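The values are calculated or read from the model by the stated rules, or taken from the named source; none is laboratory data. The shown structure was predicted, so the numbers you read here are calculated from the model rather than taken from an experiment. Glycine gets a Cβ as well: all are built from the backbone with ideal geometry, and neighbour counts include every protein chain shown.
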Amino acid sequence: MASSMRSLMSDPSRYLRSFRVFLAKSTEHQCMQEFVERQLPGVVGTVPWWWQVAAGGLSQPQEGRFHLQHRALFFVMVCLSENSGWETLWKKYGSSLPLDDLCTYVSSADIKRMLDSAGLKYQLHELPSDMDITCCFTEGDEDGELLLDFLTETLDFSKTAPPELKHQITEELKKPGCSEKRNGKVLFNNNLSAIVIEP
């Protein structure tokens, strides 16, 4: 790894800008909201209390109904899917990117291994999500450079990555293991997994 490559987390302002572009270009929050509103109630059955998704996050349970002593408690974890483009990208190139930050790549495969070794029962729900990364392939595009930073967790990836690594990663992002081409756009596979740990 070139010494000039630094973690994106070393510049909180640029991290925030790249995260905002990620939110604008991806369907991640929409797919999580759809899961919470449409699928999760069926999973947890008749538990009368539930957290409702609001624009600013999760709101308090309605009517203060906390009868947990008579109810099963489910724990829900949402993480990156082992079938996502992140898994492909980070398994192949993670060792070439800065690792000195607070982020550790974890996918549903890692979580399932831990739960299986602990003998816990769980349900796995795949949440389809994508992210439009078309702008990543236009040299000098500001949003594209911010998304490349976010995808690689590297500060100014386009400017600091060795040319060969930059070429390899941008080519990898176009391949079926990471993305698909649809309606003239390159859509990165941002699939999530919701893991419901049973009582």
TODO: Answer yes or no as to whether ILE111 is aliphatic (A, V, I, L, M) and either farther than 30 Å from ARG38 by Cβ or part of a helix (DSSP H, G or I) (or both).
DONE: yes
TODO: Can you tell me which residue within the range 125-157, out of those that are at pLDDT 95 or above and among the small types (Gly, Ala, Ser), is surrounded by the fewest Cβ atoms within 10 Å (Cβ to Cβ)?
DONE: GLY144
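To keep it simple, each residue is scored yes or no on (1) of a type outside the set (Ser, Thr, Tyr); (2) without any contact (Cβ under 8 Å) to a residue 12 or more places away in the chain; (3) farther than 26 Å from SER13 by Cβ; (4) in a strand (DSSP E or B).
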position: LEU124; (1), (2), (3), (4): yes, no, yes, yes
position: HIS167; (1), (2), (3), (4): yes, yes, yes, no
position: SER193; (1), (2), (3), (4): no, no, yes, yes
position: PRO199; (1), (2), (3), (4): yes, no, yes, no
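Inside the range 162-199, can you point out the residues that are touching a strand residue (DSSP E or B) at 6+ places or on another chain (Cβ under 7 Å) and closer than 18 Å to VAL21 by Cβ?
Going residue by residue through the range 162-199, those that are touching a strand residue (DSSP E or B) at 6+ places or on another chain (Cβ under 7 Å) are 173-174, 178-180, 185-198.
Correct list: LEU173, CYS178, SER179, LYS185, VAL186, LEU187, PHE188, ASN189, ASN190.
Select from the range 130-146 the residues that are in contact with a strand residue (DSSP E or B) (Cβ under 8 Å, 6 or more places away or on another chain) and either hydrophobic (A, V, I, L, M, F, W, C) or in a strand (DSSP E or B) (or both) and write down the one among them that is nearest to ASN183 (Cα to Cα). Don't jump to the end; show me each part of the working.
Taking the range 130-146 first, the residues in contact with a strand residue (DSSP E or B) (Cβ under 8 Å, 6 or more places away or on another chain) are 130-134, 136-137.
Now restrict to residues that are either hydrophobic (A, V, I, L, M, F, W, C) or in a strand (DSSP E or B) (or both): 130-133, 136-137.
On the way: ASP130: 14, MET131: 14, ASP132: 11, ILE133: 13, CYS136: 16, PHE137: 16 Å.
The qualifying residue nearest to ASN183 (Cα to Cα) is ASP132.
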Task: Leading residue by the ranking (farthest from PHE137 (Cα to Cα)) among those in the range 178-199 that are touching a Lys or Arg at 6+ places or on another chain (Cβ under 9 Å) and buried (at least 17 other Cβ atoms within 10 Å of the Cβ) - done: ILE195
